[in-house]
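Peer 1: Structure in structure tokens, see below.
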Amino acid sequence: MSAAEFDVVVIGAGPVGENVADRVTQGGLTAAVVESELVGGECSYWACMPTKALLRDAAALRAVRHLPGAGAAVTGELDVAAVLRRRDRFASEYRDDGQVDWLAGAGITLVRGHGRLTGRRTVSVTDPDGRVSTLSARHAVVLATGTSPAVPPIPGLADARPWTSRDAASSSTVPDRLAIIGGGVVGTEMATAYRALGAAVTLVARDGVLPGVEAYASAAVVEALLASGVDLRLGGSPARVDRDAGGTVRIRLEDGGLIEADEVLVATGRAPRTGDLGLERVGLAAGSWPAVDDTLRVLGADGALLDDGWLYAAGDVNRRVLLTHQGKYQARAVGDVIVARATGGAVDAAPWGRHVPTADDHAVPQVIFSDPEIATVGLTARAAEATGRRVRSVEYDLGAVAGAALHADGYRGRAGMVIDEQSHTLLGFTAVGPDVGELLHAATIAVAAEVPLHRLWHAVPAYPTMSEIWLRLLEAAGRDTATRQPA
Ligand SMILES: Cc1cc2nc3c(=O)[nH]c(=O)nc-3n(C[C@H](O)[C@H](O)[C@H](O)COP(=O)(O)OP(=O)(O)OC[C@H]3O[C@@H](n4cnc5c(N)ncnc54)[C@H](O)[C@@H]3O)c2cc1C
């Protein structure tokens with residue numbers, strides 16, 4: 001069978017695969033992208049977009065209720081059917097026509113079907129009718145197959161027909177009682193969303209709620225979850241899950257507690273979609289997370305570059321950072337690196353430099369759309385200390401900032417920054433409070449660009465905005481930060 005040949009073959013047309021293909025095409029190479037489901041991937045239909053649409057109406061309602069005049073105009077309750085309809089619209093009605101048109105417009109070839117590595121630079125594609133074709137890549141194959149939900153081996157759970165994040169994101173009904181296992185970002189966001197949509201929610205958070213963020217930020221979310229009526233089982237660990245003939249799910253906790261629900265959402269992490277990808281054909285274990293070097297080339301089991309470096313892995317599947325914007329950042333970098341290598345250019349001279357995805361290491365921004373919202377970039381104080389650096393943290397009451405008080409009556413929030421005492425730059429920033437997500441990019445610039453504190457004093461925040469938190473944090477860090485030079 002003859003193989004269709006392209007410069008680059010990308011497996012997976014999620015946000016990352018699409019962007020890799022686009023970047024190499026813009027660099028003058030030809031690209032095919034293989035997709036087994038919908039072009040646009042998890043983010044477009046079952047993750048970022050629909051989940052944020054599920055949360056948005058309730059957030060707007062909370063905001064307006066903190067303004068007496070506007071709040072007086074709101075006399076009814078959330079229209080759940082309208083929220084779900086808008087969610088469907090943001091999931092493009094689960095159709096990928098728009099993204100398919102975009103691929104065609106960008107000059108990228110779409111091959112529908114399941115892709116598998118079959119050998120050096122070759123990929124077989126099984127289409128929905130079972131027909132198999134072969135693609136070969138002149139320069140590179142890129143794995144961008146993302147992840148799927150990991151279902152933990154809790155006795156009875158798999159047979160209890162649990163919801164995964166896909167079900168929670170796309171359900172056309174709101175269960176009366178929803179139990180959620182897992183207090184990470186997905187569990188917390190979905191507890192917030194479904195509670196606001198009217199479900200009685202129980203959240204089982206063995207390791208606490210949002211354990212990866214600063215303690216003052218997770219504490220604010222715990223307080224709001226409890227205030228909204230979520231039944232929070234902190235430290236709880238399910239011992240067994242069953243669904244009876246009537247459909248009721250029973251979760252027995254190790255401490256003897258019992259939770260009854262109509263649905264149980266499992267939000268306990270992700271597994272790489274590499275189980276049926278042909279990894280074993282290139283000497284890697286099926287189902288493993290491919291390890292990569294700093295230009296995202298896949299490493300062999302011995303830790304050395306696989307073969308001559310024709311295989312790359314970008315986005316969620318390489319486990320560096322499981323966020324769309326970071327995956328797309330990797331996609332731009334890896335696209336340029338592939339073009340540089342294919343055209344004899346120097347990779348070190350590419351815009352991304354020697355260590356390609358540098359911001360994957362120290363400046364990852366994330367907004368958690370909980371109530372209240374959390375915005376973070378860089379390291380927490382705990383993580384910064386663990387690196388052995390000399391660090392100092394300062395915090396400030398966001399509600400005391402004029403712009404925040406104006407934003408909403410009774411505004412409650414907090415922000416903090418983590419300072420590297422040697423370089424006098426920011427290692428991290430966290431804010432918690434309504435609408436803090438829009439504060440984040442200033443912090444991302446400060447952390448990613450390693451702006452010295454004495455220069456930050458000259459970035460004057462406009463009055464009266466929430467950004468004045470920057471001035472207050474600098475003041476809290478001490479007047480001398482305006483003049484102090486790096487040690
Ligand atoms: C509930 C939830 C909410 C989230 N919210 C946010 C958010 O608000 N912001 C944010 O930044 N991130 C969010 N994320 C994370 C975000 O969804 C991922 O980081 C992002 O989708 C990763 O993109 P990707 O292209 O690497 O993988 P994916 O989006 O998973 O795309 C991979 C694609 O590869 C295809 N594929 C897999 N295997 C094969 C194969 N063998 N052959 C052919 N095709 C294949 C899949 O069908 C899929 O289309 C969320 C995740 C979840 C679960």
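Peer 1: Under a Cβ-Cβ cut-off of 15 Å, what is the net charge of the residues other than VAL460 that fall near it, where Lys and Arg count +1 and Asp and Glu count -1? Could the numbers behind the result be given before it?
Peer 2: Values: positive: ARG455, ARG472; negative: GLU468, GLU475.
So the surrounding residues net to 0.
Peer 1: Please work out the average accessible area per residue across segment 1-116, using the 1.4 Å probe convention, and give it in Å².
Peer 2: On the way: 5280 Å² over 116 residues.
For segment 1-116, the solvent-accessible area averages 46 Å² per residue.
Peer 1: Relative contact order (percent) for segment 288-342, with alpha-carbon contacts under 8 angstrom and 6 or more residues of separation?
Peer 2: Working: 60 pairs, mean separation 15.2, N = 55.
Averaging sequence separation for qualifying contacts and normalising by length gives 28 percent for segment 288-342.
Peer 1: Taking the Cβ of GLY14 as the centre, find all other residues whose Cβ is under 12 Å away and add up their charges (Lys, Arg: +1; Asp, Glu: -1). Spell out each step's value before the answer.
Peer 2: Working: positive: ARG273, LYS328; negative: GLU18, GLU35, GLU37, GLU42, ASP96, ASP316.
Around GLY14, the charge tally is -4.
Peer 1: Something else: Go from 0 up to the bin containing the longest alpha carbon distance in the chain, width 20 Å each, and give me the % of pairs per bin.
Peer 2: Taking all Cα pairs of the chain, the binned fractions are 22, 51, 27, 1 percent.
Peer 1: Would you mind counting up the charge near ARG243? Only other residues with Cβ under 12 Å from its Cβ, with Lys and Arg at +1 and Asp and Glu at -1.
Peer 2: Working: positive: ARG161, ARG240, ARG250; negative: ASP159, ASP242, ASP244, GLU260, ASP262, GLU263.
Neighbourhood net charge equals -3.
Peer 1: Here's another thing I want to ask about it. Taking the Cα centre of segment 52-102 as origin, work out the dipole magnitude from +1 charges on Lys and Arg Cβ and -1 charges on Asp and Glu Cβ, in debye rounded to 20. Walk me through the intermediate numbers first.
Peer 2: Values: 9 positive and 8 negative charges, 62 e Å.
Magnitude of the dipole: close to 300 debye.
Peer 1: Further question: What FRET efficiency comes out for the pair VAL64/SER2, r = Cβ-Cβ distance, R0 = 56 Å, nearest 0.05?
Peer 2: Values: r = 62 Å, r/R0 = 1.11.
Approximately 0.35, to the nearest 0.05.
Peer 1: If contacts are Cα pairs under 8 angstrom and at least 6 residues apart, what is the relative contact order of segment 32-93 in percent? Please list the in-between numbers first.
Peer 2: Numbers: 35 pairs, mean separation 28.9, N = 62.
Result for segment 32-93 is 47 percent.
Peer 1: Taking only protein heavy atoms and a 1.4 Å probe, what accessible area per residue, in Å², does segment 401-457 have with all protein chains in place?
Peer 2: On the way: 2170 Å² over 57 residues.
I get 38 Å² per residue for this part.
Peer 1: Related question: Rounding to the nearest 20 debye, state how big the charge dipole of the chain is about its Cα centre with +1 on each Lys and Arg Cβ and -1 on each Asp and Glu Cβ. Write down the numbers at each step before the final one.
Peer 2: Details: 46 positive and 58 negative charges, 75 e Å.
Using Cβ point charges on Lys, Arg, Asp and Glu, the chain gives about 360 debye.
Peer 1: Report the full-extension gain for the segment ILE445 to ALA81: residue separation times 0.36 nm, less the Cα-Cα distance, to one decimal in nm. Mind showing how you got there, number by number?
Peer 2: Numbers: separation 364, 0.36 × 364 = 131.04 nm, distance 3.94 nm.
Gain in length upon complete extension: 127.1 nm.
Peer 1: Still on this structure, I have one more. With a 1.4 Å probe and every protein chain kept in, tell me what percent of the accessible surface of segment 288-408 is carbon plus sulfur. Spell out each step's value before the answer.
Peer 2: Working: 2570 of 5040 Å².
Answer for segment 288-408 is 51 percent, counting heavy atoms of protein chains only.
Peer 1: Quickly work out the SER148-to-LEU258 label distance, labels modelled 7 Å from Cα along the C-beta direction, and quote it in nm with one decimal.
Peer 2: Modelled inter-label distance: 3.4 nm.
Peer 1: Suppose R0 equals 22 Å; then what is the FRET efficiency for ALA286 and ASP307 from their Cβ-Cβ distance, rounded to the nearest 0.05? Intermediate values should be presented prior to the final figure.
Peer 2: On the way: r = 18 Å, r/R0 = 0.81.
FRET efficiency, ALA286 to ASP307: 0.75.
Peer 1: Work out how much length GLN422 to SER172 would gain on full extension: take 0.36 nm times their residue separation and subtract the Cα-Cα distance, in nm to one decimal.
Peer 2: On the way: separation 250, 0.36 × 250 = 90.00 nm, distance 5.33 nm.
Extra length available between GLN422 and SER172 comes to 84.7 nm.
Peer 1: Next question, about the same structure. Please work out the average accessible area per residue across segment 192-267, using the 1.4 Å probe convention, and give it in Å².
Peer 2: Details: 3070 Å² over 76 residues.
Averaged over the residues of segment 192-267, the accessible area is 40 Å².
Peer 1: In whole percent, how big is the carbon plus sulfur part of the accessible area of segment 162-237, probe 1.4 Å, protein atoms only?
Peer 2: Working: 1360 of 2620 Å².
Using a 1.4 Å probe with all protein chains present, segment 162-237 comes out at 52 percent carbon and sulfur.
Peer 1: Which listed residue (ALA291, ALA31, LEU265) has the Cα farthest towards the positive end of the charge dipole for the chain, taking +1 on Lys and Arg C-beta and -1 on Asp and Glu C-beta about the Cα centre?
Peer 2: Highest projection toward the positive end goes to ALA291.
The values are calculated or read from the model by the stated rules, or taken from the named source; none is laboratory data. Keep in mind it's a predicted model, so treat the numbers as computed, not measured. Glycine also receives a Cβ, built like all others from the backbone with ideal geometry; neighbour counts cover every protein chain displayed. All accessible areas refer to the heavy atoms of the entire protein, side chains included, with ligands and DNA or RNA removed. Shrake-Rupley method; radii C 1.70, N 1.55, O 1.52, S 1.80 Å.
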